[in-house]
Amino acid sequence: MEGHTEEKGFTMTESFHDWFFEQADRPDEVGALARSVKSDPFFPEHGGKAIFEGYFEGVSEPASAKKTFELAWEEFTAKPIAP
């Protein structure tokens with residue numbers, strides 16, 4: 001379903017793409033990474049973790065981006081889901 005990602009037995013109603021771009025104002029490494037990819041037309045709009053991992057494993061981002069992505073994904077999947 002568009003707008004939903006099923007991972008580990010639960011459903012996320014907000015996409016990682018949207019959540020991640022909302023983090024662009026943060027003063028930490030997650031915010032910096034979000035700012036760096038926000039204008040990239042190849043950044044995935046939809047998909048599960050593997051889609052975004054593939055993007056961050058690409059040659060367009062530094063090696064530290066993968067680690068920061070993992071931190072961001074953990075935070076994204078840990079956030080409470082609104083009823």
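The values are calculated or read from the model by the stated rules, or taken from the named source; none is laboratory data. Bear in mind the structure is a predicted one, so any value in this text is a computation, not a measurement. Positions of Cβ are backbone-derived with ideal geometry, glycine not excepted, and every protein chain shown enters the neighbour counts.
Filtering region 1-57 down to residues that are more than 19 Å from residue 68 (Cβ to Cβ) and either among the aliphatic types (A, V, I, L, M) or in a helix (DSSP H, G or I) (or both), which residue is modelled with the highest pLDDT?
So the residue we want is 12.
If I ask for residues that are closer than 21 Å to residue 28 by Cα and of a type in the set (Gly, Ala, Ser), which ones from region 42-71 would you list?
Passing the criteria: 60, 63, 64, 65.
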